[in-house]
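Visitor: Have a look at this one.
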Amino acid sequence: MPIQRQMAQMARLAPGIVLAAVVAAIATLVNNRVPLLSAMLVAILVGLVARNMGLVPSVADPGLKVVGRTVLRAGVVLLGLRLSIPAVMALGWGAVAVIAATVTCVYLATLALGRMLRVPHATVVLTATGTAICGAAAVAGMSAVVRSDGEDDDVEDAAATAIASVTLFGTLMIVALPLLVEALGLAERGAGVWVGASVHEVGQVVAAGGLISAGVLDAAVLAKLGRVVLLAPLVAIVGVVEARRAERRARLAAERSEVGDVLAGAPVEHSVADGPGGPAREGAGARAGSAGNPGSAPIVPLFVIGFLLAVLLRSFLDGVLPASVFSWGTQVAGFLLTMAMCAMGAGVNLRRLAATGLRSLALGAGAGVVSAAVSLLGVLALVG
């Protein structure tokens, strides 16, 4: 009986998983032909268009949900095989300080700018993460722990908005930074650190660095991977903050519910087992649980621990295992994350997206400017 149940479950999930895999394969082929078009962006656009044109069959929904959660996290774990801590440290402490300062300043400044522009919470957090760390892959990783503020703040819509934003402004930086490097007369190492610390996507960093010189490209990729290393601690910290924020929201909702009952003259019954506000708090707890119960989640998500273990594996075994092993792992990671982008796109409601589109683009533009400015100042002061 358990085997039959598992087979039935697999049959129920297969359509959505196969759909995401096919879209990911097509998006990868497009990226191979046109490198400036990110495979993740292509996949999320295909999913978005298909969903909003009614082309996604309902039978695919269960599998797409699994892809958007479980497959996504597996991809983030394997992404750690791309990183080697010794290689990043070889850039020097000045470059490491620039990377850390840029990530911190970009993230905090984007949060502040998002509040000023009144952009929904999930969109702000995901845009901040994508700009500060590594574009779509970082958005995917952070989307697993960010909490929405309600019906008008859907995480899947927020992920689509953030990915579109970081892709747009990261692409603009491919053109702008080589021109600015030449105008400023930066040395190869400083130029590489600036490109790697400011441009959003890994592919965009490769494109921008390659337009300048091979030496700039090498330094840029290492600086970029240094930013990617910070994905795990950032996701872990934000996960704790989001869980506590969800608890506070649930508590306030329960208190407002009790006050409303009192003002309406409704009887409020408490049992000894419930304690003060038992029924109301239970209802609020159920509502909070529907968005993810913070009390039941680990402080550090397991996929973050897996990511860190993959980084350590690459750091200690680089040169011991064949390079093809790590290359294979990063290719699989990219494909799994592209599948997850398709699932995210298929969950996007364009009507909600249009409501905050302009403000979200302004947020992405501001975050990109902060990223370029802070990293340039750091390079001029610490790298040269």
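The values are calculated or read from the model by the stated rules, or taken from the named source; none is laboratory data. As the structure is a prediction and not an experimental result, all values here were calculated from the model. FYI the Cβ positions are ideal-geometry reconstructions off the backbone, even for glycines, and counts take in every protein chain you see. Ligands, DNA and RNA are stripped out before the accessible areas are found, and what is left, the full protein with its side chains, is counted by its heavy atoms. Shrake-Rupley method; radii C 1.70, N 1.55, O 1.52, S 1.80 Å.
Visitor: Label-point separation (nm) for residue 34 and residue 90, each offset 7 Å from Cα along Cα-to-Cβ?
Guide: So the label points at residue 34 and residue 90 sit 3.5 nm apart.
Visitor: Which value, in debye to the nearest 20, describes the size of the charge dipole of segment 54-177 about its Cα centre when Lys and Arg Cβ atoms bear +1, Asp and Glu Cβ atoms bear -1, and nothing else is charged?
Guide: On the way: 7 positive and 8 negative charges, 93 e Å.
The calculation lands at about 440 debye.
Visitor: Between residue 312 and residue 362, how many nm apart are label points set 7 Å from Cα along the C-beta direction?
Guide: In this crude spin-label approximation the distance works out to 4.6 nm.
Visitor: For segment 55-99, which whole-number percentage of the solvent-accessible area (1.4 Å probe, protein heavy atoms only) is attributable to carbon and sulfur atoms?
Guide: 71
Visitor: Which of the three applies to segment 125-220, rounded, prolate or oblate, going by the alpha-carbon gyration tensor with a ≥ b ≥ c and a/c under 1.5 meaning rounded? Kindly include the intermediate steps, with their values, before the conclusion.
Guide: Working: a/c = 3.38, a/b = 2.76, b/c = 1.23.
Note, shape of segment 125-220 comes out prolate.
Visitor: Give me the extension gain from residue 118 to residue 255: residue separation times 0.36 nm, minus the current Cα-Cα distance, reported in nm with one decimal.
Guide: Values: separation 137, 0.36 × 137 = 49.32 nm, distance 2.54 nm.
That pair, residue 118 and residue 255, stretches by 46.8 nm at full extension.
Visitor: When the accessible area of segment 105-196 is split by element with a 1.4 Å probe, what percent falls to carbon and sulfur?
Guide: Accessible surface attributable to carbon and sulfur in segment 105-196 totals 62 percent.
Visitor: Filter the trypsin sites (Lys or Arg not before Pro) in segment 69-143 down to the DSSP loop ones having no more than 12 other Cβ atoms within 10 Å, then list what survives.
Guide: Details: sites: 69, 73, 82, 115, 118; in loops: 118.
Sparse-neighbourhood loop trypsin sites (Lys or Arg not before Pro): 118.
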